[in-house]
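The values are calculated or read from the model by the stated rules, or taken from the named source; none is laboratory data. This one's a predicted model, so the numbers in the text were calculated from it and none came from an experiment. Virtual Cβ from ideal backbone geometry, glycine too; neighbours counted across all protein chains shown.
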Amino acid sequence: MEFLCYHRDRPASLPLRYELGEEHWSYMDRYAKEMIARGPTLADDGDTPTGSVHILDLPDPATARTFAFDEPNYQAGVYRDVLLRRWRNTLGRTMWDFPGGRTGGNRYLVIGLGTGQAADLEVPPDRNELIAYGPLLSDNGATWLGTAALVRAPDPDTARAILTLDRYADIEVHNWQFGGRPS
């Protein structure tokens, strides 16, 4: 089962985030084989973290909750909230398989919170710019709750346009970059 976990930073928590850096990385190392995609969301300055995205293949919802809520930054109060949903990897690959590579161009996390009938279940035709893409689902996988994607795009409006705008209660677009333990 695949899950999307988005931890959003609490205001003024950056010093604590930095203080817990090694604890965070050691924790994430335990899940390296399960990772489909990962990386921070960033403020408009392109440097300041605003959150942390992890898409993983885990055995069940209980394991996903353990991943999300045992994370050291969460435990210490770095994050203000967590979005945790089942997700389906419609591209069938990891971010490391993205043909566009780790750098170059603007990257975004797009989250559409759905209303009503499911939308955007098929991969958009512009799939070469998609790093990860899939529906957000209920724990049992039966109910569509929205869509989440990691995409390379020239700007936030272009990134947002990969979703059918009138099918979502809200669409969030966040600057995002490829993640992983710093070398």
- Task: Please list, ordered by first then second residue, the pairs with beta carbon atoms under 7 Å, 6 or more apart or interchain, first in the range 71-94 and under 15 Å from Ile111 (Cα atoms), second β-branched (Val, Ile, Thr) and assigned to a strand (DSSP E or B).
- Result: Trp87/Ile55; Asn89/Ile36
- Message: Let me confirm something: among Asp97, Asp81, Asp57, which residue is acidic (Asp, Glu), loosely packed, with under 13 Cβ neighbours inside 10 Å, under 17 Å from the mean Cα position of the chain (by Cα) and in the same structural domain as Trp25 (by TED's automatic domain parsing)?
- Response: Asp81
- Message: Which condition from (1) surrounded by 14 or more Cβ atoms within 10 Å (Cβ to Cβ); (2) closer than 22 Å to Gly134 by Cα is the one that Asn73 breaks?
- Response: (2)
- Task: Could you tell me which residue of the range 2-52 is nearest to Phe98 (Cα to Cα), considering only residues that are basic (Lys, Arg) and touching a strand residue (DSSP E or B) at 6+ places or on another chain (Cβ under 8 Å)?
- Result: Arg38
- Item | Filter result for the condition that a residue is closer than 14 Å to Ala37 by Cα, surrounded by 21 or more Cβ atoms within 10 Å (Cβ to Cβ) and free of Cβ contacts under 8 Å to residues at least 60 places away in the same chain, over Leu137, Leu130 | Leu130
